[in-house]
Each structure stands twice: as C-alpha cells, then as structure tokens.
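Coordinate-derived values only; no laboratory data. Everything numeric in this text was worked out from a predicted model, so none of it was measured. With ideal geometry, Cβ positions are generated from the backbone for all residues, glycine too; neighbour counts draw on all protein chains shown.
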Amino acid sequence: LPVTPQLLLGDDPVGLFDALVEVASGYNFIVSRGELPDGINGLCSHLGRTITISESLSARHQAKTLAHELSHAYLHGEPGTTRAIAEFEAESVAYLVCHTFGIESASYSFSYITQWAGGPNQALEAILASGERIRTTAEMIVNQAQDLVGHGAAKDVA
C-alpha cells in the first residue's frame, strides 16, 4: 500500500457527486464546494447540517469525498465514536459506494483506512468490528443514489 493516500484524478463519469448531493438533501444536509485548508478534502457539520467539499479536488475525488462526508452525516452524529473509528468507517463506506458506481478509489481509500486503523492488522480487526455498520450504510447510500446516477452503473454492494 502507498504510505500516502493518492488523490483521485479525472472526472466523475456517472454523475455520482450530483446524485449524492440529492441524497444529502433528503437527509437535510446542504452540500457546497468551497475553499478548505490544505490537507482537508471535506467537512461535515452535524450542528449546521452542512457538508463542504474542497473545490480544489478533481471531480472524481470530490465525488469520493462527498461519499465519505455523507457517511459521517449518517453514522457519526452522536458522540461516542473515536475520530479514528469514524474516519475508518466513513472511508470504508466511501470506497464501497464509489466501487459500486464504477469509481475506483483504492489508491486513496486503502492507505487512508489502514492509517486510521493503525496498521494492516488493526484494519482487519476494525473491519470485523464495524463491518455491518459499514455495509448497511453503504447499501443505504447506494440504494438512495441508484436512480439518481447518470448511467445506472451500480453493482450490488457486497
């Protein structure tokens, strides 16, 4: 695995970003693109019910980041989850959502997930601990986005 997650390049071929904006709207979150500090790709505010995505990212990475932040919106509104677990879960969901719609994010997601888990062995343990939360959240987002995505490119969530 690369030590540093590699930002995704290219466009958003199926319109996943726009579909996820609609999904977020249905959950009463407003999504915007804006300028964020270096190293911060997106922010989710439960208090303000907002998600901000860095406008400096490629369209493909913006879609992946919105899937990540939308996962935070669904999973992490209540206190009690550590930041490491929250980041691990959100990126795992983002990977599954993107993969389902044909956007490969492994070059970013696998390193990010492993770093937040504390290493490869800990990542496996975290998957076992959070796997059902990750799967059900990814499935929910995919189901809500399915009819909104441009080309109906979704595969089944495993």
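Here are a few things to note about the model shown:
- When residues in segment 34-71 are screened for being under 18 Å from Val149 (Cβ atoms) and either loosely packed, with under 14 Cβ neighbours inside 10 Å or touching a residue at least 60 places away in the same chain (Cβ under 8 Å) (or both), 3 of them pass.
- Considering segment 5-64, the residues that are touching a Ser or Thr at 6+ places or on another chain (Cβ under 6 Å) and among the hydroxyl-bearing types (Ser, Thr, Tyr) include one that is farthest from Ala86 (Cα to Cα), namely Ser32.
- Among the candidates Phe88, Phe110, the residue that is touching a residue at least 60 places away in the same chain (Cβ under 8 Å), aromatic (Phe, Trp, Tyr) and not in a loop (DSSP other than H, G, I, E, B) is uniquely Phe110.
- Output for segment 117-128, where each listed residue is in a helix (DSSP H, G or I) and free of Cβ contacts under 8 Å to residues at least 24 places away in the same chain: Asn121, Gln122, Leu124, Glu125, Leu128
- On inspection, Ala19 passes the criterion of being in contact (Cβ under 8 Å) with a residue 40 or more places away in the chain and farther than 21 Å from Ile113 by Cα.
- Check on Gly131, small (Gly, Ala, Ser) and part of a loop (DSSP other than H, G, I, E, B): no
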